[in-house]
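Have a look at the structure below before the remarks.
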Amino acid sequence: NGLLNYININTPIKKANTIHFLLESILEEYEKQLEERKIRVFKKLEKDLPETIIHDEQMKYILSSILQYAIFSTPPRGAIGFLTKSFQTSKPLTPQAMVFGEKDGRFVEIVVVFTGYQKGIEQVISSSPFSSGSMAPTKEEALHLLLLLVRELVQKNRGVMKCKATEKKPRTLISLTFPAERRRLVYYPPIST
């Protein structure tokens, strides 16, 4: 039986809804913090969202970091919303896209919106994290460093990260856009013994 199990070939399963699966697992991981601060979570997820070219562990880190940032930035009894969608465009999103021949294609967008206003968030993703000059970063600078790390990872995976905050209605929006995977991806489930 051991030899038969060893040579048993698993049937590959088509990889689907990875971003939604990762998002659900991350929300479950931070459920206690969300409940303690009484933060509501809203989701509007596109059905049959295409896979992205980014590795699952890197996507998990990106989503987890943005959720951490949102939790710390959202006041108690606030709200965090997630939106996923896919779209096609005929113009490249970044100069890198031209290098990789992504002039026209399909893209996946993940939008995180939360109540709360972080001053200067738009400048954070295009500047140095420590502006105070001190060796010990403030809490706000540490949170901004988290966003800078996410930005670097997004850009290395040919993605685009945009941030927008409004002070009138204290609300912050973080948008991530990645090229969709053109190939059909499969994975092999673990062999059950």
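Worth a mention:
- Residue within the stretch 172-191 that is small (Gly, Ala, Ser) and at pLDDT below 80 present: no
- Residue 125 buried (at least 17 other Cβ atoms within 10 Å of the Cβ), at negative phi and at pLDDT below 85: yes
- Inclusion of residue 96 among residues that are modelled with pLDDT under 85, at negative phi and surrounded by 15 or more Cβ atoms within 10 Å (Cβ to Cβ) is warranted.
- Flag for residue 68 being assigned to a helix (DSSP H, G or I) and modelled with pLDDT under 95: yes
- Against the list (1) surrounded by fewer than 18 Cβ atoms within 10 Å (Cβ to Cβ); (2) under 24 Å from residue 115 (Cβ atoms), the condition residue 57 fails is (2).
The values are calculated or read from the model by the stated rules, or taken from the named source; none is laboratory data. Being a predicted model, the structure only gives us computed values, none of them experimental. When we count neighbours, we look across all protein chains shown, and the Cβ atoms used for this are built from the backbone with ideal geometry, even at glycine.
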